[in-house]
Amino acid sequence: MDVPEGPKFSSQRAGDSLRLSLGGRWTVDASAAIEARAEGLLAESTGASRVVLDLGQVVRLDTAGAWLIDRTRQVLDAKGVDATLESIRPEYEILLREARYRVLAVPKPPRGSYIVRLLADIGESVVSAGADLYRGIGFLGEVVTAIGKSLVSPSHFRGTSLVVQIENIALRGAPIIALINCLAGAIIAQQGIFQLRRFGATVFVVDLIGILMLRELGVLLTAIMTAGRSGSAITAELGSMELREEIDALTVMGLRPVEILIVPRIVALIISLPLLTFIADMSGIVGGLIVSWIYEGITPARFLTLLRDAIVLHTFFSGLIKAPFMGLIIGLISCVEGLAVKGSAESLGRQVTASVVKSIFMIIVVDGLFAVFFAGIRY
Amino acid sequence: MPEVAIRVRNLVVGFGDRLVMQGLDLDVYRGEVLGFVGGSGTGKSVLTRTILGLLRKRSGLIEIFGADLDTVSPREYAAIEQRIGVMFQQGALFSGLTVKQNVQLPMREHLQLSPRLSEELAMLKIGLAGLEADAANKYPAELSGGMTKRAALARALALDPELVFLDEPTSGLDPIGAAEFDELIATLQRTLGLTVFMVTHDLDSLYSICDRIAALADGKVVAEGPISTMLASRHPWVHAYFHGKRARLARLAGGSIGDEGEGSLAGDATNGGPGGTSAPQD
């Protein structure tokens, strides 16, 4: 099978008039060759006062070829050379007319100064953060109202939906939460032992694990994992419903999306997160226990005895109390971001990312606030 | 004087500093099929969504069945909502539910029916919409484009509404499917006494089943009336719309389905043209 021939031309001079016979395929798939040939046409034409471009042998012509051939003709024209095209096949006439060379105005995007754009971006981010806060608070109000209404008329409450959501969030999330926290506990124990050996105080690794896991790390890792897992799922689900106008369809049927979709998810998160936190706390301690046994020979029985002295009830509760608030935050942010999806799959991707990032950010901020609060009341 | 189903006066709707509707007036009479046309991006779906309460208006009056939507109580508003059915352009079927469950959802929420009756009524609506019975247990992802639209129509009719909004019902359908859908709407409108508000681009639909047409341009309704009013309009956009090449072909091809009864369909909608139609002209 022959390689299709590229563009070519041959020239015949007669005095100061020149006949350029173009042949082959003057099409864009010849790539660089087509421009090179067009330049060649111009180079060949130096010195001639009359040039005829004969297209009789051209096997194929497309818009690129027509554009360049016509450009050659116009450039020659501008130089005062009498340039004409001959032997144009009927099927190329329209092409040469439509793809004739002309200056096409490309609208230039307005470019302000770099500094101004930077400042404008910062300003816009601040304004949109404020708008986010405003939306979030408004949303919280709607959710509270909806929960209140379903307490008043329990028949309106979507119990089945709630149970399904709890299954998705808590039951299916439990294994991975347990695993992650077990590993976290193990890592803390290991590093703790290595450092405490320097002071000969390795027995305090039990305090370290107990207090760190129960007060802070259990809740934090659980909330972050759940934001990544369930928060993104909720945003994606609501977002794709929004894209397909399913949310609007619910509204026009007289059903309130807040009641049907949002409340079950948020209540499920508020219930699930303490449950998962409990599992996380226990797994973390188990992880630390195993590592302490392996690296330091602290038997499980001894570990548990030491643990009993190291922690008190409020060590456990100070972690657990944060959990429902984390659940509420994850729920609010993921639902707001999901309903904010507009237009396209790109928007969906952006909102899911934003949902996870914002949730994690707010989780850590709230954790910090709680830390300050507990320190203040000496809990 | 025919009763007015929807009355819009002086409607102003905008986003930011962009005004989409600028003092729009519109009347939709009971029992008629109103076709709503406008260029892409002029705000046809904005108007529909504003009337349905999905978008907030800046000012103006919207009355449905004689009740001013600004002044009704939530209970009255809910009652009005139940008399309206909406068919969205992409169907907007709930993807986690089968077709039957989709149709039953509004019934379950608003009515206390025995399970048997609700199932029978759902199957009835599915049949009225022209779907086979086995479509009832399919999920929306398993339906073809035409079936999705019919399922969406069945759901819109679930509560036996008096007013139905259709958002570009024939878009994306092949000419035969589109003609069948037109006929379905006309039949249902006669059978159930519906008032139909149809946003559409489809010239064939406009010619064959619409009693009146309203044209939207520059944020206002610039022409309102039967086809003859549209053809006589001097507004540049309306003129281009109804006298352009496609419009002439549609006019040649289409007969009125509703009145004549036996206007032949499938051939008409596709073959109008200089070569003559393949179906008898009424």
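Taking the stated definitions as given, is B:A67 within 10 Å of another protein chain (Cβ to nearest Cβ), more than 25 Å from B:I185 (Cβ to Cβ) and surrounded by fewer than 20 Cβ atoms within 10 Å (Cβ to Cβ)?
Here the answer is no, as B:A67 does not meet what is asked.
Hey, can you tell me all the residues within the stretch B:75-125 that are of a type in the set (F, W, Y) and part of a helix (DSSP H, G or I)?
The one that is of a type in the set (F, W, Y) and part of a helix (DSSP H, G or I): B:Y77.
If you scan the stretch A:299-320, which residues turn out to be surrounded by fewer than 22 Cβ atoms within 10 Å (Cβ to Cβ) and touching a residue at least 24 places away in the same chain (Cβ under 8 Å)?
A:L306, A:L307, A:A310, A:I311, A:H314, A:T315, A:F316, A:S318, A:L320
Quick check on the stretch A:148-163: of everything there that is crowded, with 16+ Cβ neighbours inside 10 Å and out of contact with any Asp or Glu (no Cβ under 8 Å at 6 or more places or on another chain), which residue is modelled with the highest pLDDT?
Looking at the filtered set, the residue picked out is A:L162.
Look through the stretch A:62-95, keep the residues that are among the acidic types (D, E) and not in a strand (DSSP E or B), and return whichever of them is surrounded by the fewest Cβ atoms within 10 Å (Cβ to Cβ).
A:E91
Which one of A:L151, A:L162 is away from chain B (no Cβ under 14 Å) and touching a helix residue (DSSP H, G or I) at 6+ places or on another chain (Cβ under 6 Å)?
A:L162
Would you confirm, using the coordinates I've provided, whether B:L231 is within 20 Å of B:G130 (Cα to Cα) and either modelled with pLDDT under 90 or out of contact with any Lys or Arg (no Cβ under 6 Å at 6 or more places or on another chain) (or both)?
no
Quick one: how many residues across the stretch A:129-147 are closer than 12 Å to A:G331 by Cβ and among the aromatic types (F, W, Y)?
Residues flagged as closer than 12 Å to A:G331 by Cβ and among the aromatic types (F, W, Y) within the stretch A:129-147 amount to 1.
I need the full set of residues from the stretch B:25-44 which are out of contact with any Phe, Trp or Tyr (no Cβ under 8 Å at 6 or more places or on another chain), assigned to a strand (DSSP E or B) and at pLDDT 90 or above, in order please. Lay out the reasoning, then the answer.
Step one: of the stretch B:25-44, the residues out of contact with any Phe, Trp or Tyr (no Cβ under 8 Å at 6 or more places or on another chain) are B:25-27, B:29-33, B:35, B:38, B:40-43.
Checking which are assigned to a strand (DSSP E or B) leaves us with B:25-27, B:29, B:33, B:35, B:38.
B:D25, B:L26, B:D27, B:Y29, B:V33, B:G35, listed by residue number.
Kindly provide the set of residues from the stretch A:279-298 that are more than 30 Å from A:P264 (Cα to Cα) and in contact (Cβ under 8 Å) with a residue 12 or more places away in the chain, ordered by number.
If the condition is that a residue be more than 30 Å from A:P264 (Cα to Cα) and in contact (Cβ under 8 Å) with a residue 12 or more places away in the chain, then A:I285, A:V286, A:G287, A:G288, A:L289, A:I290, A:V291, A:S292, A:Y295, A:E296, A:I298 are the ones that fit.
Just checking: which of the helices (runs of 4 or more DSSP H) contained wholly in the stretch B:151-232 hold 2 or more residues that are more than 24 Å from B:A79 (Cα to Cα) and in contact with a His (Cβ under 8 Å, 6 or more places away or on another chain)?
Because the criterion is at least 2 residues that are more than 24 Å from B:A79 (Cα to Cα) and in contact with a His (Cβ under 8 Å, 6 or more places away or on another chain), no helices (runs of 4 or more DSSP H) in the stretch B:151-232 meet it.
Restricting the search to the stretch B:71-87, which residues are in contact with a helix residue (DSSP H, G or I) (Cβ under 6 Å, 6 or more places away or on another chain) and within 9 Å of chain A (Cβ to nearest Cβ)?
B:Q82, B:G85, B:V86
Would you check which residues across the stretch A:172-207 are closer than 15 Å to A:Y295 by Cβ, among the charged types (D, E, K, R) and surrounded by 13 or more Cβ atoms within 10 Å (Cβ to Cβ) and list them?
A:R197 - this is the single residue of the stretch A:172-207 that is closer than 15 Å to A:Y295 by Cβ, among the charged types (D, E, K, R) and surrounded by 13 or more Cβ atoms within 10 Å (Cβ to Cβ).
Show me the helices (runs of 4 or more DSSP H) found entirely inside the stretch A:214-308 where at least 3 residues are under 30 Å from B:G96 (Cβ atoms) and within 14 Å of another protein chain (Cβ to nearest Cβ). Talk me through it step by step, then tell me what you get.
On the way: elements: A:218-226, A:232-243, A:246-252, A:263-296.
Here the list reads A:232-243, A:246-252.
Among the residues of the stretch A:112-120, are any in a helix (DSSP H, G or I) and touching a His at 6+ places or on another chain (Cβ under 7 Å)?
Checked the stretch A:112-120: no residue is in a helix (DSSP H, G or I) and touching a His at 6+ places or on another chain (Cβ under 7 Å).
Does at least one position in the stretch B:54-63 carry a residue that is among the hydrophobic types (A, V, I, L, M, F, W, C), within 13 Å of another protein chain (Cβ to nearest Cβ) and within 21 Å of B:I213 (Cα to Cα)? Walk me through it before giving the result.
Narrowing the stretch B:54-63 to residues among the hydrophobic types (A, V, I, L, M, F, W, C): B:54-55, B:61-62.
From what is left, the residues that are within 13 Å of another protein chain (Cβ to nearest Cβ) are B:54-55.
In the following step, the residues that additionally are within 21 Å of B:I213 (Cα to Cα) were identified as none.
Checking the stretch B:54-63: not a single residue is among the hydrophobic types (A, V, I, L, M, F, W, C), within 13 Å of another protein chain (Cβ to nearest Cβ) and within 21 Å of B:I213 (Cα to Cα).
Every residue in the stretch A:15-61 that is surrounded by fewer than 13 Cβ atoms within 10 Å (Cβ to Cβ) and of a type in the set (D, E, K, R), please.
Selection gives A:D16, A:D29, A:E39.
The values are calculated or read from the model by the stated rules, or taken from the named source; none is laboratory data. Here the structure is a predicted model, which is why all the values come from computation and not from measurement. No Cβ is skipped: glycine too gets one built from the backbone with ideal geometry, and neighbour counts run over all protein chains shown.
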